[in-house]
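Input: a single structure, listed below in structure tokens.
The values are calculated or read from the model by the stated rules, or taken from the named source; none is laboratory data. Bear in mind that the values here come from a model prediction, so they are computed numbers and not experimental data. FYI the Cβ positions are ideal-geometry reconstructions off the backbone, even for glycines, and counts take in every protein chain you see. Ligands, DNA and RNA are excluded from the accessible area calculation, which covers all protein heavy atoms including side chains. Shrake-Rupley method; radii C 1.70, N 1.55, O 1.52, S 1.80 Å.
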Amino acid sequence: MVKPATLSETDPGAGLAVRLRGVTKVYDSGVVALGPLDFDVRKGEFVSLLGPSGCGKSTALRLIAGLNAPTSGTVGVSHGAGEVRSGRSIGFVFQEPTLMPWSSVRENVRLPLKLAHVPAAEANARIDGALAQVGLSEFAEAFPRELSGGMKMRVSLARALVTDPDILLMDEPFAALDEITRFRLNNDLLSLWQNLRKTVIFVTHSVFESVYLSQRVIVMTARPGRMGAEIRIVAEPRGEDFRTSADYAGYCRKVSRALAPSQPGRRGS
Ligand SMILES: Nc1ncnc2c1ncn2[C@@H]1O[C@H](COP(=O)(O)OP(=O)(O)OP(=O)(O)O)[C@@H](O)[C@H]1O
Ligand SMILES: [Mg+2]
């Protein structure tokens, strides 16, 4: 794993969780996946990355997580009081729940704690806490095959939360779910974010989801992904009233236009 630079190495910014400056990524195959990409995310902020398939959203998340190194530019990640606690301080939720089928829910959630050598008693308490946060306390001993798609995704979320990360990176976590389950998980994620005040960077294809969830939507251009537009969503509280409001429809229109500025009959806004 590549250790992310601290913000102090990349021009410190008070209150920032993540700072990307001139970040590019060229894969060994020669594919220019990203950049140059520049953006900041404030501590505690909920930001969505939205963009066409293949524009480099997952690549950007992997660079922030320190799973890959950028080809050029700097990725600054601040952890807590400025110290780097690589890995433990970032929780990653993938599009697929990627659970171990032979292990119970409890053992799946235990994995990152095992890797961090957390003592068993503390680990058990943390697992109980994380399962309660996602509403799965009663399913601790169940196996993945006994769970619905939404429940599997909750396990994946609990596994990301169990180390109490400062930053939660989510890569299209709800894309494979039906709309009702997706709405429910959207609301649960918002409650978690409001209670835990973590920094969330959420990748999605869905204009509607990005507007519903985030304080700011970063619209990326087609590959190589750059910042195309940035739209701030001001809405309190989020909930079904917001989802059916004229404000919500207006924001969705604005984000859609930013996503497809060159589409015939559409003007960028
Ligand atoms: N490990 C890799 N090796 C080579 N090329 C890669 C690798 N990972 C991604 N790419 C390429 O980089 C580009 C960006 O990929 P990435 O997965 O970041 O896009 P994305 O925006 O997440 O797409 P999607 O919305 O479909 O998930 C694509 O052209 C992809 O083929
Ligand atoms: Mg992706």
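Work through the residues other than Gln95 whose Cβ is under 10 Å from its Cβ and net out their charges, Lys, Arg +1 and Asp, Glu -1.
-3
Ordered by packing density, taken as the mean number of other Cβ atoms within 10 Å over each peptide's residues, highest first, how do 47-54, 221-228, 191-198 rank? Spell out each step's value before the answer.
Values: 47-54: 21.0, 221-228: 18.8, 191-198: 14.6.
The densest-packed peptide leads the list: 47-54, 221-228, 191-198.
If each Cα of segment 153-223 is one equal point scatterer, what is log10 of I(q)/I(0) from the Debye formula at q = 0.16, 0.17, 0.18 Å⁻¹?
-0.56, -0.64, -0.71
For the pair Asp40 and Ala69, what calculated FRET efficiency results from E = 1/(1 + (r/R0)^6), where r is the Cβ-Cβ distance and R0 = 30 Å, to the nearest 0.05? Each step should come with its number before you reach the end.
Working: r = 20 Å, r/R0 = 0.66.
Using R0 = 30 Å, I get an efficiency of 0.90.
When the helices in the chain are scored as -39500 (n - 2.57) per DSSP H run of 4 or longer and the sum is shared across all residues, what 222 nm value do you end up with, to the nearest 500 deg cm²/dmol?
Result for the chain: -10000 deg cm²/dmol, rounded to the nearest 500.
Taking just the C-alpha trace of the chain, give me its Rg and Dmax in Å.
In order Rg, Dmax, the Cα atoms of the chain give 18.5, 61 Å.
Local charge sum around Thr24 (other residues, Cβ-Cβ under 12 Å, Lys/Arg +1, Asp/Glu -1)?
Details: positive: Arg21, Lys25, Arg223, Arg226; negative: Asp38.
Around Thr24, the charge tally is +3.
In whole Hz and in residue order, list the ³J(HN,Hα) couplings for segment 103-113 that follow from phi through the Karplus curve 6.51 cos²θ - 1.76 cosθ + 1.60, θ = phi - 60°; x for Gly and Pro.
Those phi angles translate into 10, 5, 3, 4, 6, 5, 6, 5, 3, x, 6 Hz.
Within the set of other residues whose C-beta is less than 12 Å from the C-beta of Ala229, count the net charge using Lys and Arg as +1 and Asp and Glu as -1. Before the final figure, lay out the partial values.
Working: positive: Arg216, Arg226, Arg232, Lys254, Arg257; negative: Glu230.
Taking every Cβ under 12 Å from that of Ala229, the sum is +4.
Distances longer than 24 Å among the Cα atoms of segment 111-269: what percent of all pairs is that? List each step's numbers first, then the result.
Numbers: 5338 of 12561 pairs.
Percent of Cα pairs beyond 24 Å in segment 111-269: 42.
Could you report the chain's accessible area per residue, 1.4 Å probe, as an integer in Å²? Kindly include the intermediate steps, with their values, before the conclusion.
Values: 12380 Å² over 269 residues.
That works out to 46 Å² per residue.
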